[in-house]
Every structure is written in structure tokens, then in C-alpha cells.
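The values are calculated or read from the model by the stated rules, or taken from the named source; none is laboratory data. What you see is a predicted model; the values in this text were computed from it and never measured. Don't worry about glycine lacking a Cβ; one is built from the backbone with ideal geometry, like all the others, and counts go over all protein chains shown.
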Amino acid sequence: MPKGFLSGNIILDLGITAWFLAQLIKCVLELLFQRKLTPRTLVSSGGMPSSHSSFVCAMSVGSGRFCGWGSPLFALAAGLAAVVMYDACNVRRAAGENTRMLNSLLGQLGELGHLTPEGALKEILGHTPLQVLVGALLGCGVGFFVPA
């Protein structure tokens, strides 16, 4: 297996590269559509594309590419990728929707004078299916096409 260009491990390096590209794309999209650039976006979760999906898919494809598509390592990586993408699309997204409702409730209680909220909780925790799909495609592309 080839040696990695960042960490010394090619499979991990593919994941890191895919994650970084996804985060960079989020920054570019924020700049294009919101006309602002927040440095926090480079390391934040949520949004288009899913950097979680990019990371695990690049590592899965890299595992298949360098260790064999029938290897136990590829099976483990693909299974982990499926769990991460399911979680990002369902569990974390539901948590974000619950947080949105909780923020609204806390705001209403604050307006009534019953509560002094410290600040809003972070609402963007998960991803839409499209964000997960685009992240997965980005990660697979990195895993297949980044030279070792």
C-alpha cells in the first residue's frame, strides 16, 4: 500500500482530503449565496456537502482501492460509512429539528419574562439526504481519483 502524503497513511489522507474539500466548498457556497465568509464554517458541521459523508466514503473507497474490494477492511469501512451517513441524515437531523423547536420555546418563554435564555443552541446538526449524497459522491471521487 502506498504511503500517505499527509499522515503517512494513504487511506486516512484520502479521508482528510475529502473532509477539507467539503469544508472548503461550504465556505465557497456561503460566500456565493450569503455574501459573507465566516471562518467558523471551515470547521463546522452541517450544511452542503456533508463532510462526514465525504470523509468516510473517501476512506471506504481508498480501503477498497488499496486493500481489495473483497477485503475485511473495505467491508468494515463501508459499513461504518453507511452508519455515519444514516446518522447524519436521520438521527442528527432530528436532533437539529428538536433544537430548533426548543430554541423557539425558550425564546417565547423569554418574551413572557419567565426565562432569561443564555443564548440559542446550535440548530444545524445534521444533513438533508441531498447533502449526504453530494458529500458521498465527493468522497468517492477523492477515493478513486486522488493519486497515491
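Annotations
- The single condition among (1) over 17 Å from LEU137 (Cα atoms); (2) modelled with pLDDT of 90 or more that ALA18 does not meet is (1).
- The number of residues in region 39-73 being touching a Cys at 6+ places or on another chain (Cβ under 8 Å) and surrounded by fewer than 16 Cβ atoms within 10 Å (Cβ to Cβ) comes to 1.
- Taken over region 96-146, the criterion of being under 29 Å from ALA82 (Cβ atoms), modelled with pLDDT of 70 or more and of a type in the set (S, T, N, Q) is satisfied by THR99, THR128, GLN131.
- Hits in region 29-80 - residues which are outside any helix (DSSP H, G or I), on the phi < 0 side of the Ramachandran plot and not hydrophobic (A, V, I, L, M, F, W, C): LYS36, THR38, SER44, SER45, PRO49, SER50, GLY70, SER71
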